[in-house]
Ligand SMILES: Nc1ncnc2c1ncn2[C@@H]1O[C@H](COP(=O)(O)OP(=O)(O)OP(=O)(O)O)[C@@H](O)[C@H]1O
Ligand SMILES: Nc1ncnc2c1ncn2[C@@H]1O[C@H](COP(=O)(O)OP(=O)(O)OP(=O)(O)O)[C@@H](O)[C@H]1O
Ligand SMILES: Cc1ncc(C[n+]2csc(CCO)c2C)c(N)n1
Ligand SMILES: [Mg+2]
Ligand SMILES: [Mg+2]
């Protein structure tokens, strides 16, 4: 029985630890056979809850939403230690100096209600009304931004941001935390309580090997990038992008925090973002009603399966 | 003796148009009967009812039993040739045999020798679209004849044949009939054809078709084209033409 | 005087099958000429070449000029009726006029009075699928006649008509011809029909078609069915049948 | 049947019962298998949530209806005009047909950014994309239909002095109608889906946006409620296509077997 | 024409020149407008990058070809079997047809998770999805084709003692062939696109995955190179469909106008 892990996106530098562990045989050493499932449009929580996958890379919003809705999904590892998302706009937009200036402009969105809350909070905290127009674009947001069809959008700074820099595209960005939105671990590795209770040792072994992979990537940036690209010749046709992205991840202390934490989920960070989502009415229960009471966010994640030295 | 086919009080309307209304006729075993009648009278409609159509009224008996209980006693030739575009001529000709369960190869072998007689030699493997109108009609007749059924229903089989081929086919059909004594019901426009081939001729009125005259043809068999010039034949022809041309029948033009 | 239509040395092959090979014929102005010939001889093929088809060899002249320079001098009636399923009968009948530029309403008004004469009263607004085979053929003939062209090409126009309607239509056509003196070329199987209508009859050989006999019909006009019983007519009929039945012609069956 | 209402009911009864049975099977599968509503919601839940969210669902339905109808009308015109052009010129046929076939192989993801670049986020690009997706089945049907014309008919028209255009109008066009209506059924089936996909390329509102959002908010029940609305729209269009066929080909009912 | 090779070349010349002209227009638009290659790369760049990345492109083509071919074969069977079932039972027709129409309105996004859940990431779900997308045009074509059967022919067969099945095989089926081949052309056009979309539901390899990855890596040139490969595949399938038509209906060439 291999351990199966699902992805949140096509293979990219966020997944570097996974591929390094696989390529360098860390999983083998831990006595595990790991199968990295192909990326699918299906929600990772659904794959985990239905035992198609044992683990999955999920973004924070999905984790909070699915867990609230009664899906058996629980975060066990923080992929990044601090928010990688940014508001991004073209540098030549003199009229936009600060988030408050975004009022009334056009936002290229990805279709989640969370974006709307996040951006309006950002604007309001900066003194604006928090009203803006959304066109849902999904994958084409960055082309639309580049040719001026929209005024701003959202990005993963260690991927889209790095690409823009490589291309020499002049952009400016707003960091959410600078405008009163709580910081977060943008992506997690999640599992299900059913799996964790049934195979706690497997889970521990898996996370330990995985963490070794990420730690390797923090120390050996070049080699990690090479391994990642070699493992994904199709998904990563540009090793320059992968290299630069991994450099940005390290430089920004995303994979390892400034205090050296790798994989550890910060309970306060977790609760703060939970609180933000709860108070904005984003969390729905199994009947699609907004949660009536503030949930216990410590049940949404656990650090218990991380190696001793990674426990907070 | 019960007739092979007996039709009584048959009625049928299409969309309120009364096509048949109380038609009675009989065909005895081994008898060759022709139907002569104006266009649109309802002749093809009668065939439709014989071959499975639902009459509004009336009964059709075969050998005394209502027709619904019989299974396919007729070899039928439709008015428009109804050849299959996608079968070669030999494939079309052997269709009936194949449907009757004869293996394809054997069916073709049985049909093949008849091609010369039907003036279709060399066209076995042509498609219908490659044939002239008359050749198509002959292929359709061939398809009907080879089925070897106890009764033939022929809807103007010689309609599109040239004079000579027509005469030849008539002679041939008469000879075959002589041999097999099929019961046959023929729809035709050709008074002489009816006389040459028939034991009996029904003359039909315009729509709704009723029998206006029933004429026996007591000419000796086998008959030939020459027999049509005998006084007896000419008398019958005259009588048929008289009745057909009688304006009291309210005929079209 | 140059003939209206003059065909010389016409040849045509389909897929290596020589259908016409050196056919010569002429039709004078105001003359009614019939073509009698076995099925598959190439009669319809001749019409195809007259109406725009490309011969392999030979020339077709109209009033002395090669035919390509003429514009549509023929009113043509094809062998299979070629009615349009999607037009009502009156729509089909007025097709030629509409194509000639007559406004739809006027075209129909011009055609409507002829329906009774053609035995189609009451069927103006039916679709072809609702008509019997003979009625379809009459509708097709009506469509041809109303075009009022200087020359008619008729490919077995009465092939599917019943004896009586056929006689009526022949009479009618003869009368119309008497009045209009159309130049007409008629393909037929019916020896008597040819005699009744024609000034001259060409007898064709089997494929490849050549003229084997050219027969003048000096009967006085107007002619009627009764004139076919005159000694002169019977002599012509006999001669035609003799030639047709002459085995040296290598005829099918 | 005495009552035409009753008769109509009788005619759609098999469809209704088939759909009911499928829904019941689905409902009981969800109830018995204990599958999570986040994976596969029951029809009852989809219905309830659809009703609850109806105002926003309805608001997102209208732009899709607009794009579908206008796009489809454009598609009808394009298919017809192209078919005529191609029918009149064999050279153009050989030049255009492969290009059109290739055009149909372009996944939306590849052309969406360009469409946005050139036409923005408004109604226009959706109309174009719906037309782009639906014109092809109708074009193929027209072309096949023209080919099916009885040669004798064209010959006859030629002798009547009909030019290429008149022959087309009088013979080729009506002969192609049954084929066209087969193509029309296929196209109407895809029209709504095409509009939904077109919205993926970028839109402020529409069923496609609604579905995308519902998915990104992990609400498969709302995804399926929107899919239900799109199915109803498609069935309406399909019904219209059948009605149009009845009206356009009144002679067709006489072609039914006579026995 | 003396040389059959030359003649073939002559027949595809218009298509080749049309495509060449389009590519030249595109190339010069990119050169003259100065549009960024990240928005719209020039054909020359697409070609160069496609050649450069050929090994990985080829590796991703094979799974798509497999899914397309197997899915399409399944689709042929499904369309035919369904058409027969529907043709034999008017009640089933009324029950099934609306359900099938509805089935065609399901956007992949709505069913993708279920497909993965039930069938996993292997070849099977792709085959099913290709069949699902492509069977419908052929089904509609078969049904329309059966309806077009000459009533006299069925009558004749009936008098020969042919049962419902024999009438179907001898008359309805061959009569429907021209319609079927019209549907087949439409379906083949969609088969490759369907396989590509199916891969979006989750696959290890395939042109769809290649396109998705290229897109996520901001490589529109590679996206379009993969689209080019899919276009070539589609043209091959389309050509095969035309060839199959020629072989299956040898009588059709005699229906061409005789003049
Ligand atoms: N398109 C075609 N392709 C091949 N052969 C053809 C074609 N059209 C006609 N023929 C052949 O040409 C010959 C003559 O055909 P045509 O239709 O001219 O005969 P016809 O004299 O009119 O016969 P009929 O009196 O039976 O109508 C036939 O043997 C036929 O098979
Ligand atoms: N399916 C139908 N729907 C409506 N009317 C029909 C249908 N079939 C036949 N008719 C009508 O029934 C009448 C008789 O048709 P039928 O085919 O029996 O004539 P017929 O005697 O065979 O004529 P012909 O000698 O010209 O073939 C015609 O007036 C025709 O219009
Ligand atoms: C490496 C990486 N890049 C982009 C996205 C997709 N994405 C672009 S902006 C955004 C936040 C708005 O929801 C998301 C998820 C991803 N998932 N992972
Ligand atoms: Mg009849
Ligand atoms: Mg002929």
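The values are calculated or read from the model by the stated rules, or taken from the named source; none is laboratory data. These numbers were taken from a predicted model, which means no experiment stands behind them. Backbone-built Cβ (ideal geometry, glycine too); neighbour counts: all protein chains shown.
Within region C:150-194, take every residue that is within 9 Å of another protein chain (Cβ to nearest Cβ) and either assigned to a loop (DSSP other than H, G, I, E, B) or at positive phi (or both) and give me the one that is modelled with the highest pLDDT.
C:156
Looking at this structure, is residue E:210 over 15 Å from residue E:66 (Cβ atoms), at the interface with another protein chain (Cβ under 9 Å from one of its Cβ atoms) and out of contact with any strand residue (DSSP E or B) (no Cβ under 7 Å at 6 or more places or on another chain)?
No: the conditions fail for residue E:210.
Across region A:121-148, what is the number of residues that are touching a strand residue (DSSP E or B) at 6+ places or on another chain (Cβ under 8 Å) and over 17 Å from residue E:218 (Cβ atoms)?
Of the residues in that region, 7 qualify.
For region E:66-83, indicate whether the set of residues that are over 27 Å from residue E:244 (Cβ atoms) and surrounded by 18 or more Cβ atoms within 10 Å (Cβ to Cβ) is non-empty.
no
Please give the number of the condition residue B:114 fails out of (1) away from ligand 5 (no atom under 16 Å from the Cβ); (2) buried (at least 18 other Cβ atoms within 10 Å of the Cβ).
Unmet condition: (2).
Helices (runs of 4 or more DSSP H) wholly in region E:78-156 with at least 1 residues that are away from chain A (no Cβ under 14 Å) and either more than 15 Å from residue D:182 (Cβ to Cβ) or modelled with pLDDT under 90 (or both) - which ones?
By residue number, E:90-103, E:123-147.
Could you list, in sequence order, all residues of region A:235-261 that are surrounded by fewer than 22 Cβ atoms within 10 Å (Cβ to Cβ) and without any contact (Cβ under 8 Å) to a residue 12 or more places away in the chain?
Selection gives A:238, A:251, A:258, A:259, A:260.
Against the definition (out of contact with any strand residue (DSSP E or B) (no Cβ under 9 Å at 6 or more places or on another chain) and within 16 Å of ligand 3 (Cβ to nearest atom)), how does residue A:118 come out, yes or no?
Considered against the rule, which asks whether it is out of contact with any strand residue (DSSP E or B) (no Cβ under 9 Å at 6 or more places or on another chain) and within 16 Å of ligand 3 (Cβ to nearest atom), residue A:118 comes out as no.
Just checking, how many residues over region E:1-55 are within 12 Å of chain D (Cβ to nearest Cβ) and in a loop (DSSP other than H, G, I, E, B)?
Qualifying residue count, region E:1-55: 6.
Would you mind telling me which numbered condition in (1) within 14 Å of the chain's Cα centre (by Cα); (2) in contact (Cβ under 8 Å) with a residue 60 or more places away in the chain residue B:181 fails?
(1)
Looking at residue A:94, is it in a loop (DSSP other than H, G, I, E, B), modelled with pLDDT under 95 and out of contact with any helix residue (DSSP H, G or I) (no Cβ under 8 Å at 6 or more places or on another chain)?
Yes, satisfied.
Please determine whether any residue of region C:37-53 is more than 13 Å from ligand 1 (Cβ to nearest atom) and either within 28 Å of residue D:252 (Cβ to Cβ) or out of contact with any strand residue (DSSP E or B) (no Cβ under 8 Å at 6 or more places or on another chain) (or both).
Initially, region C:37-53 is screened for residues more than 13 Å from ligand 1 (Cβ to nearest atom), giving C:52.
Applying the additional criterion that residues be either within 28 Å of residue D:252 (Cβ to Cβ) or out of contact with any strand residue (DSSP E or B) (no Cβ under 8 Å at 6 or more places or on another chain) (or both) yields C:52.
Yes, the conditions are met somewhere in region C:37-53.
Outside any loop (DSSP other than H, G, I, E, B) and surrounded by fewer than 17 Cβ atoms within 10 Å (Cβ to Cβ): which single residue out of A:134, A:153, A:158, A:139 fits that description?
On the way: A:134 fails: surrounded by fewer than 17 Cβ atoms within 10 Å (Cβ to Cβ); A:153 fails: surrounded by fewer than 17 Cβ atoms within 10 Å (Cβ to Cβ); A:158 fails: surrounded by fewer than 17 Cβ atoms within 10 Å (Cβ to Cβ).
Step by step, each of A:134, A:153, A:158, A:139 is checked, and only A:139 is outside any loop (DSSP other than H, G, I, E, B) and surrounded by fewer than 17 Cβ atoms within 10 Å (Cβ to Cβ).
Just checking, which of E:241, E:162, E:225, E:194 is buried (at least 22 other Cβ atoms within 10 Å of the Cβ), in contact (Cβ under 8 Å) with a residue 40 or more places away in the chain and away from chain A (no Cβ under 14 Å)?
It is E:194.
Would you list the strands (runs of 3 or more DSSP E) that sit entirely within region A:1-80 and hold 3 or more residues that are more than 16 Å from ligand 1 (Cβ to nearest atom) and more than 23 Å from residue A:297 (Cα to Cα)?
Values: elements: A:3-6, A:34-36, A:55-59, A:74-78.
Counting at least 3 such residues, we get A:3-6, A:34-36.
I'm trying to understand the selection: among the residues of region B:204-225, which are within 14 Å of another protein chain (Cβ to nearest Cβ) and either modelled with pLDDT of 90 or more or within 16 Å of ligand 1 (Cβ to nearest atom) (or both)?
B:215
So is residue C:136 in contact (Cβ under 8 Å) with a residue 24 or more places away in the chain and buried (at least 20 other Cβ atoms within 10 Å of the Cβ) or not?
Numbers: in contact (Cβ under 8 Å) with a residue 24 or more places away in the chain: yes; buried (at least 20 other Cβ atoms within 10 Å of the Cβ): yes.
Considered against the rule, which asks whether it is in contact (Cβ under 8 Å) with a residue 24 or more places away in the chain and buried (at least 20 other Cβ atoms within 10 Å of the Cβ), residue C:136 comes out as yes.
For region B:61-73, check the following and say yes or no: at least one residue is within 15 Å of ligand 4 (Cβ to nearest atom) and either farther than 21 Å from residue E:156 by Cβ or touching a helix residue (DSSP H, G or I) at 6+ places or on another chain (Cβ under 9 Å) (or both).
No, region B:61-73 contains no residue that is within 15 Å of ligand 4 (Cβ to nearest atom) and either farther than 21 Å from residue E:156 by Cβ or touching a helix residue (DSSP H, G or I) at 6+ places or on another chain (Cβ under 9 Å) (or both).
Is region C:61-73 home to any residue that is within 19 Å of the chain's Cα centre (by Cα), within 16 Å of ligand 5 (Cβ to nearest atom) and modelled with pLDDT of 85 or more?
No - not one qualifying residue is present in region C:61-73.
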